[in-house]
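Before anything else, here's the structure in question.
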Amino acid sequence: MSTLRDLNPATGECLAEIPVTSSAELHAAVARARAAQPAWGALTVEERAARLEPLGAALAAAADELADLATREMGKPRAQALGEAQGWAKHALVELAEVVEALQPERHETARSVTTLVRAPLGVVAAITPWNFPVGMPLQILVPALAAGNAVVFKPSEHVPLVGAKLAALLQPLVPAGVFELVQGDGRVGAELVAADVDMVGFVGSRATGKRIMESASKELKRLVLELGGKDPLVVMADADVAAAAECAVRHSLRNSGQVCCSVERVYVAAPIAAEFERQVVEKARAWRCGDGFDAEVDMGPMVSVEQRAKVAEQVDAALAGGARLAFRGEVPSGPGAWYPATVLADVGEELAISREETFGPVVSLSVFSGDEDEGVRLANATPYGLGANVYTGDAARGVRMAARIHAGQVGVNQYLGSAPGLPWVGARQSGFGFLGGKEGHRQFTVPKSISAPREA
Ligand code: NAD
């Protein structure tokens, strides 16, 4: 039997040896899901939502345990891990109510017939998720997929198997046997699950993995929702509030050690304010404390793994070798953790890998530009990604005008990007395919189906 070593990235300690789901076990789990789905799918959406509703209280009761596990397994500060679990205890219920609303049948009448549009479940959904928000990323797939009447086979990230197992332990008692199955392992198990007898893949993770999944799913035209990586720009115009823009740059480059899909990964600052902006960025970055997430004083933990640290180090080192300037490097604890310091790079060239490929590390990457509106938009659009973007300018109308021209699912103008309740979270261009959240997102776990009959005389 093969196992995966579940490591604490702050200490290097092995937390557990997790048995990897074998090929035979994986196919048996998918078969159980296939067999259990029709009866679950035959319930009304209201009945299914009622069965799932205790999840909110269960998450609230387990929030401390989930937070401990998340900080141990992937390193984020415990207060942030707790906030994520507590937030989802409430948000799971919001999502259930949204799914009920989104899936209501629609009646359409013509002179001769009555047609009812129902939203039928797809069947078996494979849910494959990352580690950076180990509670929220899975639940944003699991809750709508189940409530829509699908059976789900869930593979959490190999970096957070214990958080994944805890989520499964909370969900499994709420649904009939077989409707929710858990498998464990790395990308090999994920690839096998995608190729197995599933009807849809709900995936959150990197662009590279998303492409592999799409390729594999194309063989049987399986439905897909892929929420992928980003390379989000922050464009700071010459008339911007420098302090507010610098705060946005630092907070959203360093949060979760930069391991956020919608981190600020590129900052383009207008030449007239560039020196003052850099000064303020360095001053703010200096205040971020890096250490073990269980230390309440800490702002950012380690990277999730030494491999992730090596990727970040490689990009930063290549940038420095390619002409970027090191404006600031923070301190990290000594010892075996996967530490990477808060880093500010300046004079970062457009041609460098760090300007094009997702970094996923605690790096503020500064480039100076002319301050011209068209140039700001061009730079913002200069990658294949399209997840989020941010614009700071003293002219709010210009900010909105620029936002309309930037290819992204979410754009913040004079505030960090966000969204509003009930709206989908969208990766435009190569940051996604399909999307999650909101009524439109929830409906992607179903197929619309028209049932027509003659109008009663
Ligand atoms: P990853 O792509 O390496 O892995 C994600 C999941 O896919 C894991 O469970 C992994 O085991 C599995 N996997 C790996 N190879 C696979 C394959 N060939 N077939 C099927 N499954 C496979 O990503 P990660 O390192 O876990 O997460 C970080 C990435 O996720 C970043 O790119 C980040 O931007 C992205 N992300 C995106 C969003 C969003 O909403 N768009 C949110 C969070 C994270």
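The values are calculated or read from the model by the stated rules, or taken from the named source; none is laboratory data. Remember, it's a predicted structure, so these values are computed and weren't measured experimentally. Cβ sites come from the backbone with ideal geometry, for glycine too, and all protein chains shown count toward neighbours. To get the accessible areas, we keep the full protein, side chains included, count just its heavy atoms, and leave off ligands, DNA and RNA. Shrake-Rupley method; radii C 1.70, N 1.55, O 1.52, S 1.80 Å.
With no solvent and one point per C-alpha, what does the Debye sum give as log10 I(q)/I(0) for the stretch 279-430 at q = 0.16 Å⁻¹?
Here log10 of I(q) over I(0) equals -1.06.
With a cut-off of 8 Å between alpha carbons and a minimum separation of six or more residues, what is the relative contact order of the stretch 268-356 in percent? Could you put the intermediate results ahead of the total?
Details: 113 pairs, mean separation 25.0, N = 89.
About 28 percent, as a whole number.
Ok, one more. A 23 angstrom limit on the alpha carbon distance is what I want to check against. Which of Lys90/Lys166; Lys76/Lys155; Lys166/Lys231; Lys76/Lys311 exceed it?
Beyond 23 Å between Cα atoms: Lys166/Lys231.
Further, regarding this structure: For the chain, what is the convex hull (Cα atoms) projected area averaged across all directions, in square nanometres? It would help to have the intermediate numbers written out before the result.
Details: hull surface 93.8 nm².
Averaged projected area of the chain's Cα convex hull equals 23.5 nm².
Next question. Could you work out how far helix 207-218 tilts from the main Cα principal axis of the chain, as a 0 to 90 degree angle to the nearest 10?
30
Rounding to the nearest 10 and keeping the result within 0 to 90°, find how far the Cα-based axis of helix 242-254 lies from the longest principal axis of the chain.
60
Just the number please: accessible area per residue for the chain, 1.4 Å probe, all protein chains included, in Å². Please list the in-between numbers first.
Working: 18370 Å² over 457 residues.
That works out to 40 Å² for each residue.
Largest first and in whole Å, give the semi-axes of the stretch 151-196's equivalent ellipsoid, each being the square root of 5 times a Cα gyration tensor eigenvalue. All intermediate terms of the calculation are to be shown ahead of the outcome.
On the way: eigenvalues 70, 40, 5 Å².
Its equivalent ellipsoid spans semi-axes of 19, 14, 5 Å.
What's the percent breakdown of Cα-Cα distances in the stretch 285-375 across 10 Å bins, shortest bin first?
16, 44, 29, 9, 2
Can you work out ³J(HN,Hα) from phi for every residue in the stretch 70-86, in order, using Karplus 6.51 cos²θ - 1.76 cosθ + 1.60 and θ = phi - 60°, giving whole Hz and x for Gly and Pro?
5, 5, 5, 7, 10, x, 5, x, 4, 4, 6, 5, 5, x, 5, 5, 5
Also, I was wondering about something else. Rounded to whole Å, give me the distance from the Cα center of the stretch 294-354 to that of the stretch 381-396.
23
Note down the nm distance, to one decimal, between modelled labels 7 Å out along Cα→Cβ at Ala271 and at Thr115.
6.0
Let me ask something else about it. Could you check the spin-label model distance between Glu247 and Ser23? Points 7 Å from the Cα along Cα→Cβ, value in nm.
That separation, rounded to one decimal, is 5.6 nm.
Excluding residues fewer than 8 places away in the same chain, name every one of the aspartates and glutamates whose C-alpha is closer than 16 Å to that of Lys219.
Glu192, Asp197, Asp199
Tell me the label-point distance for the pair Ala382, Glu350, using the 7 Å Cα-to-Cβ offset, in nm and rounded to one decimal.
The two pseudo-label positions are separated by 0.4 nm.
Something else about it: Measure nothing fancy, just the Cα-based angle from helix 23-42's long axis to the longest principal axis of the chain, in degrees from 0 to 90, nearest 10.
Taking the Cα atoms of the chain, the angle to 23-42 is about 60 degrees.
Give, as a single signed number, the net charge of other residues whose beta carbon lies under 10 Å from the beta carbon of His252, with Lys and Arg counted +1 and Asp and Glu -1. Don't jump to the answer; show the numbers that get you there.
Details: positive: Arg251, Arg255; negative: Asp232, Glu247, Glu265.
Local net charge: -1.
Also, I was wondering about something else. For the stretch 232-413, what does the relative contact order come out to in percent, with C-alpha contacts under 8 Å and a separation of six or more?
So the answer I get is 30 percent.
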